[in-house]
Amino acid sequence: MTANPLARFNPVQPGAAGMKRVATGLLIVMAAVFALARAYEDRYPALAYVKAFAEAAMVGGLADWFAVTALFRHPLGLPIPHTAIIPRNKDRIGETLANFIRENFLIPAVVARRMQNIDVAGAAGRFLQTPAGEGNRIRAGASRLIADIFESLDDERLGGIVKGAIATRLRKMEVSPLLGHALASAINEDRHVPMLEAAIRWMARALDANEPLIRDMVHKKANWVLKLAALDTKLADAIIDGLKKLTVEMSTDPAHPVRIRIEEALVQLANDLQTKPETRARVEEMKDQLLDNQSVSLWIDALWQRAREAMIKAARNPDAVLAGKLGDVMKAMGSTLERDARIRAAINQFARRAAVGMAASYGGSMVKLVSETIRGWDANTVTGRLEAAVGRDLQYIRINGTLVGGMVGLVLHLLDGL
(Lines give C-alpha, C1' and ligand atoms only; values in the text may rest on other atoms or scores of the structure.)
Protein backbone atom coordinates (compact mmCIF):
# COMPACT_ATOMS: atom_id res chain seq x y z
CA MET A 1 0.00 0.00 0.00
CA THR A 2 1.34 3.46 -0.89
CA ALA A 3 2.41 5.55 2.08
CA ASN A 4 0.48 8.69 2.87
CA PRO A 5 2.39 11.59 1.25
CA LEU A 6 1.52 13.78 4.27
CA ALA A 7 2.91 11.26 6.75
CA ARG A 8 6.27 13.06 6.88
CA PHE A 9 4.47 16.19 8.12
CA ASN A 10 2.73 14.35 10.98
CA PRO A 11 4.61 15.17 14.24
CA VAL A 12 4.23 11.74 15.87
CA GLN A 13 5.79 11.56 19.35
CA PRO A 14 8.03 8.48 19.64
CA GLY A 15 7.30 5.98 22.37
CA ALA A 16 3.64 6.90 22.83
CA ALA A 17 2.45 3.28 22.61
CA GLY A 18 5.05 2.18 25.18
CA MET A 19 4.06 4.89 27.63
CA LYS A 20 0.41 3.92 27.22
CA ARG A 21 1.28 0.37 28.24
CA VAL A 22 3.23 1.69 31.25
CA ALA A 23 0.32 3.88 32.39
CA THR A 24 -2.19 1.04 32.00
CA GLY A 25 0.17 -1.42 33.69
CA LEU A 26 0.66 0.95 36.62
CA LEU A 27 -3.11 1.19 37.06
CA ILE A 28 -3.38 -2.61 37.04
CA VAL A 29 -0.55 -2.88 39.56
CA MET A 30 -2.33 -0.42 41.88
CA ALA A 31 -5.51 -2.49 41.61
CA ALA A 32 -3.59 -5.66 42.49
CA VAL A 33 -1.85 -3.93 45.43
CA PHE A 34 -5.20 -2.66 46.69
CA ALA A 35 -6.70 -6.15 46.52
CA LEU A 36 -3.76 -7.73 48.34
CA ALA A 37 -3.60 -4.99 50.99
CA ARG A 38 -7.34 -5.31 51.67
CA ALA A 39 -7.09 -9.10 51.92
CA TYR A 40 -4.26 -9.03 54.49
CA GLU A 41 -5.12 -5.77 56.28
CA ASP A 42 -6.61 -7.59 59.28
CA ARG A 43 -3.43 -9.63 59.75
CA TYR A 44 -1.03 -6.71 59.05
CA PRO A 45 -2.57 -3.37 60.16
CA ALA A 46 0.29 -1.40 58.51
CA LEU A 47 -1.09 -2.43 55.14
CA ALA A 48 -3.85 0.12 55.72
CA TYR A 49 -1.45 2.79 54.52
CA VAL A 50 -0.62 0.73 51.43
CA LYS A 51 -4.33 0.20 50.80
CA ALA A 52 -5.05 3.92 51.12
CA PHE A 53 -2.25 4.74 48.67
CA ALA A 54 -3.36 2.10 46.13
CA GLU A 55 -7.02 3.03 46.44
CA ALA A 56 -6.41 6.71 45.81
CA ALA A 57 -3.94 5.85 43.02
CA MET A 58 -6.63 3.80 41.29
CA VAL A 59 -9.10 6.68 41.59
CA GLY A 60 -6.55 9.17 40.24
CA GLY A 61 -5.45 6.85 37.43
CA LEU A 62 -9.01 6.04 36.38
CA ALA A 63 -10.02 9.72 36.48
CA ASP A 64 -7.09 10.73 34.29
CA TRP A 65 -7.68 7.78 31.94
CA PHE A 66 -11.27 8.93 31.56
CA ALA A 67 -10.20 12.55 30.97
CA VAL A 68 -7.54 11.64 28.40
CA THR A 69 -9.79 9.19 26.59
CA ALA A 70 -12.75 11.60 26.58
CA LEU A 71 -10.69 14.08 24.55
CA PHE A 72 -10.53 11.74 21.57
CA ARG A 73 -13.33 9.17 21.86
CA HIS A 74 -16.14 7.79 24.00
CA PRO A 75 -14.66 5.83 26.97
CA LEU A 76 -15.45 2.12 26.56
CA GLY A 77 -17.55 3.12 23.53
CA LEU A 78 -20.30 4.52 25.77
CA PRO A 79 -21.98 7.73 24.49
CA ILE A 80 -21.33 9.62 27.72
CA PRO A 81 -22.14 13.36 27.43
CA HIS A 82 -19.17 15.71 26.91
CA THR A 83 -16.84 12.97 25.68
CA ALA A 84 -15.17 12.54 22.25
CA ILE A 85 -14.58 16.29 22.48
CA ILE A 86 -12.15 16.69 19.56
CA PRO A 87 -14.16 14.68 16.97
CA ARG A 88 -17.38 16.51 17.94
CA ASN A 89 -15.73 19.95 17.77
CA LYS A 90 -13.51 19.34 14.74
CA ASP A 91 -15.02 22.16 12.68
CA ARG A 92 -14.89 24.63 15.58
CA ILE A 93 -11.25 23.73 16.20
CA GLY A 94 -10.51 24.44 12.54
CA GLU A 95 -12.22 27.82 12.72
CA THR A 96 -10.39 28.69 15.95
CA LEU A 97 -7.04 27.69 14.45
CA ALA A 98 -7.77 29.69 11.29
CA ASN A 99 -8.72 32.76 13.34
CA PHE A 100 -5.56 32.38 15.41
CA ILE A 101 -3.42 32.29 12.27
CA ARG A 102 -5.21 35.29 10.79
CA GLU A 103 -5.03 37.43 13.93
CA ASN A 104 -1.41 36.58 14.79
CA PHE A 105 0.25 36.09 11.41
CA LEU A 106 -1.78 37.38 8.45
CA ILE A 107 -2.94 40.85 9.49
CA PRO A 108 -1.00 43.36 7.31
CA ALA A 109 0.07 45.43 10.33
CA VAL A 110 1.40 42.33 12.12
CA VAL A 111 3.22 41.13 8.99
CA ALA A 112 4.78 44.58 8.48
CA ARG A 113 5.95 44.68 12.11
CA ARG A 114 7.45 41.21 11.95
CA MET A 115 9.15 41.91 8.60
CA GLN A 116 10.65 45.18 9.87
CA ASN A 117 13.71 43.51 11.40
CA ILE A 118 14.10 40.69 8.87
CA ASP A 119 17.06 41.18 6.50
CA VAL A 120 15.86 39.16 3.51
CA ALA A 121 18.50 40.58 1.15
CA GLY A 122 21.35 39.93 3.60
CA ALA A 123 20.23 36.35 4.18
CA ALA A 124 19.96 35.77 0.42
CA GLY A 125 23.42 37.30 -0.11
CA ARG A 126 25.03 35.11 2.53
CA PHE A 127 23.30 32.04 1.13
CA LEU A 128 24.46 32.76 -2.43
CA GLN A 129 28.04 33.32 -1.30
CA THR A 130 28.24 30.08 0.68
CA PRO A 131 30.96 28.02 -1.05
CA ALA A 132 30.48 24.35 -1.81
CA GLY A 133 31.00 22.31 1.36
CA GLU A 134 29.85 25.07 3.71
CA GLY A 135 26.28 25.49 4.89
CA ASN A 136 25.35 22.21 3.23
CA ARG A 137 22.72 21.40 5.84
CA ILE A 138 20.86 24.66 5.21
CA ARG A 139 21.19 24.33 1.46
CA ALA A 140 20.19 20.66 1.46
CA GLY A 141 17.25 21.35 3.78
CA ALA A 142 16.02 24.25 1.65
CA SER A 143 16.47 22.18 -1.49
CA ARG A 144 14.52 19.25 -0.08
CA LEU A 145 11.76 21.60 1.05
CA ILE A 146 11.48 23.21 -2.40
CA ALA A 147 11.54 19.85 -4.18
CA ASP A 148 8.98 18.36 -1.75
CA ILE A 149 6.68 21.35 -2.26
CA PHE A 150 6.84 21.03 -6.04
CA GLU A 151 6.26 17.27 -5.89
CA SER A 152 3.44 17.43 -3.34
CA LEU A 153 1.46 20.17 -5.11
CA ASP A 154 -1.35 19.02 -7.36
CA ASP A 155 0.43 18.94 -10.72
CA GLU A 156 -2.78 19.14 -12.73
CA ARG A 157 -4.12 22.12 -10.76
CA LEU A 158 -0.78 23.94 -10.51
CA GLY A 159 0.00 23.24 -14.16
CA GLY A 160 -3.43 24.53 -15.12
CA ILE A 161 -2.81 27.73 -13.18
CA VAL A 162 0.61 28.26 -14.79
CA LYS A 163 -0.58 27.45 -18.31
CA GLY A 164 -3.68 29.57 -17.84
CA ALA A 165 -1.55 32.48 -16.65
CA ILE A 166 0.75 32.12 -19.67
CA ALA A 167 -2.15 31.97 -22.12
CA THR A 168 -3.90 34.92 -20.45
CA ARG A 169 -0.72 36.97 -20.52
CA LEU A 170 -0.16 36.19 -24.20
CA ARG A 171 -3.76 37.11 -25.06
CA LYS A 172 -3.46 40.46 -23.28
CA MET A 173 -0.06 41.24 -24.78
CA GLU A 174 -0.08 42.85 -28.25
CA VAL A 175 2.62 40.91 -30.09
CA SER A 176 2.42 42.74 -33.44
CA PRO A 177 4.59 45.75 -32.43
CA LEU A 178 7.10 43.43 -30.77
CA LEU A 179 7.37 41.33 -33.92
CA GLY A 180 7.68 44.44 -36.07
CA HIS A 181 10.41 45.93 -33.88
CA ALA A 182 12.32 42.63 -33.77
CA LEU A 183 12.10 42.26 -37.55
CA ALA A 184 13.23 45.87 -38.12
CA SER A 185 16.19 45.41 -35.76
CA ALA A 186 17.19 42.20 -37.52
CA ILE A 187 17.07 43.90 -40.94
CA ASN A 188 19.06 46.93 -39.72
CA GLU A 189 21.79 44.64 -38.38
CA ASP A 190 21.68 42.25 -41.41
CA ARG A 191 20.63 39.39 -39.14
CA HIS A 192 17.93 38.53 -41.62
CA VAL A 193 20.48 37.57 -44.29
CA PRO A 194 21.29 34.08 -42.91
CA MET A 195 17.55 33.35 -42.64
CA LEU A 196 16.97 34.54 -46.20
CA GLU A 197 19.85 32.43 -47.54
CA ALA A 198 18.57 29.43 -45.58
CA ALA A 199 15.15 29.95 -47.21
CA ILE A 200 16.77 30.05 -50.67
CA ARG A 201 18.65 26.82 -49.96
CA TRP A 202 15.41 25.25 -48.77
CA MET A 203 13.74 26.31 -52.03
CA ALA A 204 16.56 24.66 -54.03
CA ARG A 205 16.23 21.40 -52.07
CA ALA A 206 12.44 21.49 -52.40
CA LEU A 207 12.80 22.01 -56.15
CA ASP A 208 15.10 18.99 -56.46
CA ALA A 209 12.83 16.83 -54.34
CA ASN A 210 9.65 17.79 -56.26
CA GLU A 211 11.02 17.77 -59.81
CA PRO A 212 8.88 14.73 -60.82
CA LEU A 213 5.80 16.50 -59.44
CA ILE A 214 6.52 19.63 -61.52
CA ARG A 215 7.01 17.56 -64.67
CA ASP A 216 3.74 15.73 -64.01
CA MET A 217 1.89 19.02 -63.49
CA VAL A 218 3.25 20.47 -66.76
CA HIS A 219 2.32 17.27 -68.60
CA LYS A 220 -1.25 17.38 -67.27
CA LYS A 221 -1.70 21.07 -68.10
CA ALA A 222 -0.24 20.82 -71.64
CA ASN A 223 -2.66 20.42 -74.54
CA TRP A 224 -2.53 17.51 -76.98
CA VAL A 225 -0.53 19.46 -79.55
CA LEU A 226 2.35 20.02 -77.12
CA LYS A 227 2.18 16.41 -76.03
CA LEU A 228 2.20 15.20 -79.61
CA ALA A 229 5.31 17.22 -80.38
CA ALA A 230 6.90 16.24 -77.03
CA LEU A 231 7.13 19.94 -76.21
CA ASP A 232 5.67 19.39 -72.73
CA THR A 233 8.91 17.71 -71.68
CA LYS A 234 10.99 20.57 -73.03
CA LEU A 235 8.69 23.07 -71.31
CA ALA A 236 9.07 21.25 -68.00
CA ASP A 237 12.85 21.19 -68.43
CA ALA A 238 12.86 24.90 -69.15
CA ILE A 239 10.75 25.68 -66.08
CA ILE A 240 12.89 23.52 -63.78
CA ASP A 241 16.16 24.88 -65.22
CA GLY A 242 14.88 28.43 -64.87
CA LEU A 243 13.90 27.91 -61.25
CA LYS A 244 17.23 26.28 -60.45
CA LYS A 245 19.10 29.12 -62.12
CA LEU A 246 17.02 31.62 -60.13
CA THR A 247 17.86 29.96 -56.79
CA VAL A 248 21.57 29.81 -57.68
CA GLU A 249 21.64 33.48 -58.71
CA MET A 250 19.73 34.53 -55.61
CA SER A 251 22.12 32.64 -53.36
CA THR A 252 25.27 34.09 -54.98
CA ASP A 253 24.17 37.66 -55.78
CA PRO A 254 23.18 39.81 -52.76
CA ALA A 255 21.93 42.48 -55.18
CA HIS A 256 19.63 40.14 -57.11
CA PRO A 257 16.33 41.90 -57.95
CA VAL A 258 14.24 39.15 -56.34
CA ARG A 259 16.27 39.33 -53.12
CA ILE A 260 15.88 43.10 -53.09
CA ARG A 261 12.12 42.73 -53.57
CA ILE A 262 11.97 40.24 -50.68
CA GLU A 263 13.96 42.57 -48.43
CA GLU A 264 11.72 45.49 -49.37
CA ALA A 265 8.70 43.37 -48.54
CA LEU A 266 10.23 42.50 -45.14
CA VAL A 267 10.89 46.16 -44.40
CA GLN A 268 7.32 47.00 -45.33
CA LEU A 269 6.03 44.16 -43.15
CA ALA A 270 8.10 45.39 -40.18
CA ASN A 271 6.63 48.87 -40.64
CA ASP A 272 3.07 47.56 -41.05
CA LEU A 273 3.36 45.42 -37.91
CA GLN A 274 4.18 48.52 -35.89
CA THR A 275 1.96 51.16 -37.51
CA LYS A 276 -0.80 49.68 -39.67
CA PRO A 277 -4.00 48.86 -37.69
CA GLU A 278 -5.25 46.31 -40.24
CA THR A 279 -2.01 44.31 -40.10
CA ARG A 280 -1.89 44.46 -36.30
CA ALA A 281 -5.50 43.29 -36.07
CA ARG A 282 -4.81 40.33 -38.39
CA VAL A 283 -1.75 39.33 -36.36
CA GLU A 284 -3.72 39.47 -33.09
CA GLU A 285 -6.49 37.37 -34.65
CA MET A 286 -3.92 34.81 -35.80
CA LYS A 287 -2.39 34.82 -32.30
CA ASP A 288 -5.78 34.08 -30.69
CA GLN A 289 -6.45 31.29 -33.18
CA LEU A 290 -3.02 29.86 -32.47
CA LEU A 291 -3.60 29.91 -28.70
CA ASP A 292 -6.95 28.16 -29.20
CA ASN A 293 -5.25 25.37 -31.13
CA GLN A 294 -5.00 22.10 -29.24
CA SER A 295 -1.44 21.52 -30.46
CA VAL A 296 -0.28 24.80 -28.91
CA SER A 297 -1.96 23.84 -25.63
CA LEU A 298 -0.09 20.54 -25.68
CA TRP A 299 3.15 22.40 -26.45
CA ILE A 300 2.64 24.75 -23.48
CA ASP A 301 1.86 21.71 -21.30
CA ALA A 302 5.11 20.07 -22.41
CA LEU A 303 7.00 23.29 -21.61
CA TRP A 304 5.51 23.35 -18.12
CA GLN A 305 6.37 19.71 -17.47
CA ARG A 306 9.98 20.21 -18.57
CA ALA A 307 10.27 23.37 -16.47
CA ARG A 308 8.80 21.61 -13.41
CA GLU A 309 11.16 18.63 -13.82
CA ALA A 310 14.13 21.00 -14.26
CA MET A 311 13.21 22.92 -11.09
CA ILE A 312 12.86 19.70 -9.06
CA LYS A 313 16.15 18.39 -10.46
CA ALA A 314 17.90 21.67 -9.65
CA ALA A 315 16.45 21.69 -6.14
CA ARG A 316 17.60 18.11 -5.56
CA ASN A 317 21.17 19.02 -6.55
CA PRO A 318 21.82 22.66 -5.54
CA ASP A 319 25.62 22.29 -5.67
CA ALA A 320 25.43 21.45 -9.38
CA VAL A 321 23.28 24.54 -10.00
CA LEU A 322 25.75 26.75 -8.13
CA ALA A 323 28.74 25.32 -10.00
CA GLY A 324 30.46 26.87 -13.00
CA LYS A 325 29.70 30.29 -14.45
CA LEU A 326 26.18 30.36 -13.06
CA GLY A 327 27.56 29.77 -9.59
CA ASP A 328 30.10 32.58 -10.06
CA VAL A 329 27.33 34.96 -11.14
CA MET A 330 25.18 34.02 -8.15
CA LYS A 331 28.11 34.45 -5.74
CA ALA A 332 28.80 37.89 -7.24
CA MET A 333 25.13 38.76 -6.75
CA GLY A 334 25.37 37.61 -3.13
CA SER A 335 28.46 39.78 -2.55
CA THR A 336 26.66 42.79 -4.03
CA LEU A 337 23.64 42.20 -1.82
CA GLU A 338 25.81 42.20 1.28
CA ARG A 339 27.98 45.20 0.36
CA ASP A 340 25.51 47.58 -1.27
CA ALA A 341 23.28 49.09 1.41
CA ARG A 342 20.97 50.80 -1.09
CA ILE A 343 20.22 47.59 -3.00
CA ARG A 344 19.76 45.67 0.25
CA ALA A 345 17.36 48.29 1.58
CA ALA A 346 15.39 48.33 -1.67
CA ILE A 347 15.07 44.53 -1.73
CA ASN A 348 14.06 44.38 1.92
CA GLN A 349 11.46 47.07 1.32
CA PHE A 350 10.14 45.15 -1.68
CA ALA A 351 10.02 41.94 0.40
CA ARG A 352 8.09 43.71 3.17
CA ARG A 353 5.63 45.23 0.73
CA ALA A 354 5.20 41.90 -1.05
CA ALA A 355 4.56 40.08 2.24
CA VAL A 356 2.12 42.76 3.43
CA GLY A 357 0.39 42.75 0.04
CA MET A 358 0.06 38.97 0.10
CA ALA A 359 -1.35 39.11 3.62
CA ALA A 360 -3.86 41.78 2.60
CA SER A 361 -4.85 40.12 -0.68
CA TYR A 362 -4.62 36.42 0.14
CA GLY A 363 -4.71 36.22 3.95
CA GLY A 364 -8.44 35.52 3.96
CA SER A 365 -8.02 32.81 1.33
CA MET A 366 -5.20 31.17 3.31
CA VAL A 367 -7.27 31.16 6.48
CA LYS A 368 -10.25 29.80 4.60
CA LEU A 369 -8.03 27.07 3.16
CA VAL A 370 -6.97 26.02 6.69
CA SER A 371 -10.52 25.88 8.04
CA GLU A 372 -11.93 24.14 4.96
CA THR A 373 -9.10 21.61 4.94
CA ILE A 374 -9.70 20.68 8.58
CA ARG A 375 -13.45 20.62 7.98
CA GLY A 376 -12.91 18.22 5.09
CA TRP A 377 -10.79 15.84 7.15
CA ASP A 378 -12.37 12.71 8.52
CA ALA A 379 -12.94 12.94 12.29
CA ASN A 380 -10.86 9.80 12.83
CA THR A 381 -8.00 11.35 10.85
CA VAL A 382 -7.98 14.48 13.01
CA THR A 383 -8.25 12.44 16.20
CA GLY A 384 -5.46 10.09 15.16
CA ARG A 385 -3.06 12.91 14.21
CA LEU A 386 -3.65 14.95 17.37
CA GLU A 387 -3.40 11.90 19.59
CA ALA A 388 -0.19 10.81 17.87
CA ALA A 389 1.26 14.32 18.29
CA VAL A 390 0.72 14.51 22.07
CA GLY A 391 0.21 10.82 22.95
CA ARG A 392 3.37 10.42 25.05
CA ASP A 393 2.64 13.51 27.16
CA LEU A 394 -0.96 12.38 27.70
CA GLN A 395 0.25 9.03 29.06
CA TYR A 396 2.54 10.87 31.47
CA ILE A 397 -0.57 12.66 32.72
CA ARG A 398 -2.11 9.28 33.50
CA ILE A 399 1.04 8.11 35.30
CA ASN A 400 1.30 11.34 37.27
CA GLY A 401 -2.39 11.16 38.13
CA THR A 402 -1.93 7.65 39.49
CA LEU A 403 1.08 8.54 41.60
CA VAL A 404 -0.20 11.93 42.78
CA GLY A 405 -3.57 10.40 43.62
CA GLY A 406 -1.83 7.74 45.68
CA MET A 407 0.22 10.33 47.57
CA VAL A 408 -2.89 12.39 48.31
CA GLY A 409 -4.72 9.28 49.56
CA LEU A 410 -1.78 8.38 51.80
CA VAL A 411 -1.62 11.90 53.27
CA LEU A 412 -5.37 11.93 53.94
CA HIS A 413 -5.10 8.54 55.66
CA LEU A 414 -2.27 9.81 57.84
CA LEU A 415 -4.27 12.91 58.78
CA ASP A 416 -7.30 10.76 59.55
CA GLY A 417 -5.21 8.66 61.95
CA LEU A 418 -4.04 11.65 63.97
Problem set entry | Filter result for L369 (part of a helix (DSSP H, G or I), under 30 Å from M58 (Cβ atoms) and open to solvent by 30 Å² or more (accessible area, probe 1.4 Å)) | no
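Could you tell me which of the residues E151, E174, E189 is among the charged types (D, E, K, R), open to solvent by 40 Å² or more (accessible area, probe 1.4 Å) and at pLDDT below 65?
E151 is the lone residue from the list that is among the charged types (D, E, K, R), open to solvent by 40 Å² or more (accessible area, probe 1.4 Å) and at pLDDT below 65.
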For this session: Determine whether V218 is touching an Asp or Glu at 6+ places or on another chain (Cβ under 6 Å), of a type in the set (A, V, I, L, M) and farther than 22 Å from P277 by Cα.
Result: yes
Exercise. Counting only residues that are among the small types (G, A, S) and over 60 Å from the mean Cα position of the chain (by Cα), which one in the stretch 206-248 is modelled with the highest pLDDT?
Worked result: G242
Seminar exercise, completed: How many residues of the stretch 237-248 are farther than 10 Å from I200 by Cα and either surrounded by 12 or more Cβ atoms within 10 Å (Cβ to Cβ) or of a type in the set (A, V, I, L, M, F, W, C) (or both)? The answer is 6
For this session: Considering only the stretch 22-136, give the helices (runs of 4 or more DSSP H) lying wholly within it that have at least 3 residues that are within 43 Å of the chain's Cα centre (by Cα) and closer than 26 Å to Q349 by Cα.
Result: 90-105, 108-115, 120-129
Problem set entry | Residue pairs meeting the criteria (Cβ under 7 Å; at least 6 apart or on separate chains; first basic (K, R), in the stretch 100-115; second open to solvent by less than 60 Å² (accessible area, probe 1.4 Å)) | R102/G363; R102/V367
Exercise. Can you spot a residue in the stretch 333-352 that is among the small types (G, A, S) and modelled with pLDDT under 80?
Worked result: yes
Problem set entry | Which listed residue is part of a helix (DSSP H, G or I) and surrounded by 15 or more Cβ atoms within 10 Å (Cβ to Cβ), from L273, L303 | L273
For this session: From F34, F72, grab the single residue that is surrounded by 14 or more Cβ atoms within 10 Å (Cβ to Cβ) and either of a type in the set (V, I, T) or touching a Pro at 6+ places or on another chain (Cβ under 8 Å) (or both).
Result: F72
Exercise. Here are G376, G384, G417: which of them is within 30 Å of R73 (Cβ to Cβ), open to solvent by 40 Å² or more (accessible area, probe 1.4 Å), among the small types (G, A, S) and free of Cβ contacts under 8 Å to residues at least 40 places away in the same chain?
Worked result: G376
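The values are calculated or read from the model by the stated rules, or taken from the named source; none is laboratory data. A quick note: this is a predicted structure, and the numbers were derived from the prediction, not measured. As a convention, Cβ positions derive from the backbone with ideal geometry for all residues, glycine included, and neighbour counts pool all protein chains shown. Surface areas here come from the heavy atoms of the whole protein model, side chains and all, with no ligands, DNA or RNA. Shrake-Rupley method; radii C 1.70, N 1.55, O 1.52, S 1.80 Å.
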